[in-house]
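Contents: one structure, followed by commentary.
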Amino acid sequence: MITFRHTFLLLLTSAATAMAQVAPTELDDLLSSAQNRLTVGKRLLQEGDQEGARRAFDRAVEILLSTPVTSPNRARAERRLEEIVDLIYRYDVERLGSGDPLAISTFDKSPLDEIRELNFPLDPKLKGLVQHQISATSSQLPLETNDSVLSFINYFTTGRGRGTLINGWRRSHRYRPMIQRILSEEGVPQELIFLAQAESGFMPRAVSNKAASGMWQFVAFRGKEYGLEQTNLVDLRLDPERATRAAARHLKDLYMQFGDWHLAIAAYNCGPGCVDRAVQRIGSADYWELRRVNAIPKETTNYVPIILALTIITKNAADYGIKLDDPDPAIEYDTLRVDSPTNLDLIADAADIPVSGIRDLNPALLKSLAPAGFEVKVPKGSADQVATAIETVPALQRASWRLHRVKPGEDLTAIAQRYRTTPKSIASANEGRSAQTLEEGAVLMIPVSLAPAPTRTVAARTARPAARATAVSGRKTPSKTLTSHPAVKSGARKPTFPAAGRRAAR
């Protein structure tokens, strides 16, 4: 059987051997047609027609494969293909009926783990260019040009590092408006957004090899210090907005403590106590001097240069031949506070979208159950609709029950089989509604009993060596099939800001 991994390889092969020209307007038509088939497949899957959905999904991929494209347009089509294949995978795993509140969460590997302790070649020709860029670049964050910064500029403008930078930039636009707003509200430099790019590549569920989590990579105790709750159901370090607020406040506190942004950024990486001890030991509050005499950990010696390199490159991308275009659309949502434990499948039913859409909007939820009092994110403009639908289900049953909109030709028996319950149970939950009174478009409450799933350890998803570059860049390879999937995817210038702020813990 041909898998989607094989299909993706066919795309690369055909594109290399038959470089047919595709004008931008033609490519737009191609992408629109593929999106239409994807939409049809999603609708069919929600209606229970898995075979029809599979055919529609297959057709969406075939459309993208049908015409090879030349270099200017090829990356866009390939990226959309990857997105579609990954989305199909998630739909296929869910089967729209698992309803398992013990579902295991998946995580991404922090890109910083791979590069912060390495050394990269230095291109001596870069120095004059970078010095000119710094003199002409507006930045609240003090910029420097030295061999370390230059080596990371060389890394992020060539080869794999270039792809990492571009992919992170594109992904950043999902959250950029929110991050810029919070950094402004907290009165810290906008350039601090590059910490999130270095730490996580803007992946909310990134986990490092030192158990730091989320877009801003908080360890457990520091997260709690800044109000990021962690329970067996929720980890607010994974919530992009809450974590961004915590990171901005923590960085402001660090600046208040050290009076220097380079030291503050270093302390964000290795801890304020580590930096304070280094300053006391060598009698210098200059980050570059601490770095020169190895007074701070090796990974921290590269951390500040990485941030500065990302800042300089992104602000001067054209000088490096880097085209920063086609950003991801910003994520927009409404929030809805649930007053009783509520399973995400029920919320997805109420929003009329696949449950993966709710999970994506709520990365802080570790399981498929939102605890009472949690503010669930739902698609923009749908909060009232979702709240009204959920309120039809008894509060004590929202942890397991579902909602189902009757499709043409469905009867209680077919609906009961889909959710592994009985027609009698459905009729009882819906005031005795019988097959004779079942109308197309009616919304039924579905009483579902959930059996506890075996306990498993939550682990970060790590890539095999051959796919390591993909893990670092944050792009997922479409190597899943639709037939057999695992249940779990395996003395510096100081910008002005308000003086008020909590002291960072030493």
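Values in this text are rule-based calculations from the coordinates and carry no lab data. Every value quoted in this text rests on a predicted model; they were computed, and no experiment measured them. All Cβ positions, glycine included, derive from the backbone under ideal geometry; neighbour counts span all protein chains shown.
The Cα center of the range 228-260 and the Cα center of the range 266-327 differ in position by 19 Å. Sorting W169, W216, W288, W401 from the fewest to the most surrounding beta carbons within 10 angstrom yields W288, W169, W401, W216. Most tightly packed first, judged by the mean number of other beta-carbon atoms within 10 Å of their residues, the peptides 337-348, 319-330 read 337-348, 319-330.
Using the Cα centre of the range 109-320 as origin and beta-carbon charges of +1 (Lys, Arg) and -1 (Asp, Glu), tell me which of V188, A206, N146 is placed farthest towards the positive end of the dipole. Among V188, A206, N146, the one farthest towards the positive end of the dipole of the range 109-320 is A206. With q set to 0.10, 0.16, 0.17 Å⁻¹, the log10 of I(q)/I(0) for the range 109-320, from the Debye formula over equal scatterers at the Cα positions, is -0.40, -1.10, -1.25. On the principal axes of its alpha carbon atoms, the range 332-446 extends 42, 25, 21 Å, with the longest extent given first. For R59 and Q131, a Förster radius of 60 Å and the Cβ-Cβ distance give a FRET efficiency of 0.65, rounded to the nearest 0.05. Over 20 Å apart at the Cα level, from the set K224/K252; K210/K367; K210/K298, are K210/K367.
Among the listed pairs K127/K315; K323/K380; K42/K407, which are separated by more than 26 Å between their Cα atoms?
The pairs that break the limit, which is 26 Å between Cα atoms, are K323/K380.
Kirkwood Rh over alpha-carbon pairs of the range 303-377, then Stokes-Einstein at 20 °C and 1.002 mPa s: what D in µm² s⁻¹, rounded to an integer? Translational diffusion coefficient: 139 µm²/s. Rg over Rh for the range 132-217 works out to 0.98, both radii taken from alpha-carbon positions and Rh defined as the Kirkwood radius. Ranking of H250, H173 by neighbouring Cβ atoms within 10 Å, starting from the fewest: H173, H250.
Positive-end ranking of V406, P341, V386 along the dipole of the range 332-446, with charges on Cβ about the Cα centre, is headed by P341.
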